[in-house]
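Visitor: Please find one structure pasted underneath; my questions will follow.
The values are calculated or read from the model by the stated rules, or taken from the named source; none is laboratory data. Because the structure is predicted, anything quoted here is derived from the model rather than measured. In this analysis, Cβ positions are derived from the backbone assuming ideal geometry, glycine residues included, and neighbour counts consider all displayed protein chains.
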Amino acid sequence: MMRRVGLGVALAACAAVEAAEPVVSPEPAKAAPPVAAATPATAPAPKTTPVKPLDLRIGDVRRYMMPDEYRAALDAPDDDSNTVVVEGRRELLPVDSEKPIPMGPLLPLWWGLTHPTQSWRIFLPDVNRGPEGPREPEDKIPPPVFRWGP
């Protein structure tokens, strides 16, 4: 793992150094022709030179590494094949505001007197009751997922 990190840092440093080097053009800079007073209608259009596309290649890695380091980096075992992925959902803690309130004509009033801090819930719709009736609790253990291989 440390060798891979070292290889990555070395390649990134080499790319930064190569990108920072100034580009030397083989042609010497030409002197600008003297500018004559011209009217805007007769002024020549400036010539644009084609811009070379940005080259982000690093080049030959063997220039930056010794042969034995290069072979060791290539022969290193792949740690990604030994990775284990565990999937699951976190179980939510029970919340007092989701516990059911007793239903009926007088039971909610009695429940409100015995639970004064939660008595406001009598006037709200029950979160556990939908239009079709009470909700079923979710399965604690999700069904297994079938996979071919890892």
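Visitor: What are the residues in the stretch 103-135 that are surrounded by fewer than 10 Cβ atoms within 10 Å (Cβ to Cβ), on the phi < 0 side of the Ramachandran plot and modelled with pLDDT under 70, if any?
Guide: Pro131, Glu132
Visitor: Further, regarding this structure: Check Glu91, Glu138 and return the single one that is over 30 Å from Arg62 (Cα atoms), assigned to a loop (DSSP other than H, G, I, E, B), modelled with pLDDT under 70 and acidic (Asp, Glu). Steps first, please.
Guide: On the way: Glu91 fails: modelled with pLDDT under 70.
Residue meeting the stated conditions: Glu138.
Visitor: Given the conditions (1) within 30 Å of Val5 (Cα to Cα); (2) in a loop (DSSP other than H, G, I, E, B); (3) at pLDDT 75 or above, and given that Asp68 satisfies all but one, which numbered condition is not satisfied?
Guide: Only one criterion is unmet by Asp68, namely (2).
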